[in-house]
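A.B. asks: One structure, pasted below without further comment.
The values are calculated or read from the model by the stated rules, or taken from the named source; none is laboratory data. For clarity, every value in this text was computed on a predicted model and none was experimentally measured. Positions of Cβ are backbone-derived with ideal geometry, glycine not excepted, and every protein chain shown enters the neighbour counts.
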Amino acid sequence: MKNMNKPKKISEKVIFENPWRKVLLKEVKNKLGVSSIYPSTTHSGEKFATMIIPITKNKEIVYCKEWRIGIEDFVYNFPFGIKEKGISFEDNAKKEMKEETGCVSNNIFYLGESIFANYDDTIVKYFVALDCEIGENNLGDFEFLEVMKSNKELFEENIKSGLINCPVTISCYTLAKLNLFL
């Protein structure tokens, strides 16, 4: 692979911040000295998030139909959340799984990680939970979701058809499949 030079960052300015997100404008200069400004997002706290695939004893995949502000529509995804300070990645994933789906499991495996998106610095750590038992979920005030279940074949058909199109959900599912959990 050819060794490429990274653009040089000239400046960075926060243009919006709330308790969850920051929106930045970053000015960079390329090797020709030409500068350009790009938007970027980050989390106000930790820059890590977790996502977990709950799988029941009957091999059903549990996931969420969740409303997301960015697209102002529903997406299908696995339990996901920004890592809270003071707890491990695995415990954060278990907490999100319980809150969003009501699922509990002590059979958790780490799958890998990826970036969240090209213009966001969040790193997502992926997990799978086997032999899940489903109980009551405990949603936050701004979480609007419905818990869904399906077998592997239907889930994959929904990816192929574009119904499930969240990139981190597809990454998490792919890592679970490549690691032979599905």
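A.B. asks: Within segment 70-95, track down each residue that is outside any strand (DSSP E or B), of a type in the set (Val, Ile, Thr) and modelled with pLDDT of 90 or more.
C.D. replies: 87
A.B. asks: If you go through segment 110-150 one residue at a time, how many are farther than 30 Å from residue 27 by Cβ and either in a strand (DSSP E or B) or out of contact with any Phe, Trp or Tyr (no Cβ under 8 Å at 6 or more places or on another chain) (or both)?
C.D. replies: 28
A.B. asks: Taking residue 133, is it more than 21 Å from residue 46 (Cβ to Cβ) and within 18 Å of the chain's Cα centre (by Cα)?
C.D. replies: no
A.B. asks: A further question follows. What single numbered condition from (1) crowded, with 16+ Cβ neighbours inside 10 Å; (2) touching a residue at least 40 places away in the same chain (Cβ under 8 Å) fails to hold for residue 112?
C.D. replies: Going through (1) crowded, with 16+ Cβ neighbours inside 10 Å; (2) touching a residue at least 40 places away in the same chain (Cβ under 8 Å) one by one, residue 112 breaks only (1).
A.B. asks: Right, another one. Have a look at 153, 99 and point out the one that is over 30 Å from residue 12 (Cα atoms), in a helix (DSSP H, G or I), touching a residue at least 24 places away in the same chain (Cβ under 8 Å) and not aliphatic (A, V, I, L, M).
C.D. replies: None of the others qualify; the one that does is 99.
A.B. asks: Taking interchain pairs and intrachain pairs at least six residues apart, which have beta carbon atoms under 7 angstrom, with the first residue in segment 1-26 and among the aromatic types (Phe, Trp, Tyr) and the second part of a loop (DSSP other than H, G, I, E, B)?
C.D. replies: 20/44
A.B. asks: Just for segment 33-50: of the residues that are part of a loop (DSSP other than H, G, I, E, B) and touching a residue at least 40 places away in the same chain (Cβ under 8 Å), which one is nearest to the chain's Cα centre (by Cα)?
C.D. replies: Step by step, filter segment 33-50, then rank; the result is 47.
A.B. asks: Tally time: how many residues in segment 51-69 are in a loop (DSSP other than H, G, I, E, B) and surrounded by 16 or more Cβ atoms within 10 Å (Cβ to Cβ)?
C.D. replies: Residues meeting the conditions: 1.
A.B. asks: Please enumerate the residues belonging to segment 156-165 that are of a type in the set (A, V, I, L, M, F, W, C) and in a loop (DSSP other than H, G, I, E, B).
C.D. replies: 163, 164
A.B. asks: Looking only at segment 70-82, which residues are in contact (Cβ under 8 Å) with a residue 40 or more places away in the chain and either surrounded by fewer than 16 Cβ atoms within 10 Å (Cβ to Cβ) or out of contact with any Leu (no Cβ under 8 Å at 6 or more places or on another chain) (or both)?
C.D. replies: Within segment 70-82, 75, 77, 78, 80, 82 meet the criteria.
A.B. asks: Checking the conditions here, which among 93, 129, 117 is surrounded by fewer than 16 Cβ atoms within 10 Å (Cβ to Cβ), in the same structural domain as residue 145 (by TED's automatic domain parsing) and either in contact (Cβ under 8 Å) with a residue 12 or more places away in the chain or within 18 Å of residue 175 (Cα to Cα) (or both)?
C.D. replies: It is 117.
A.B. asks: Quick check on this structure: which one of 137, 106 is under 24 Å from residue 67 (Cβ atoms) and either β-branched (Val, Ile, Thr) or in the same structural domain as residue 56 (by TED's automatic domain parsing) (or both)?
C.D. replies: Checking each option against the conditions leaves just 137.
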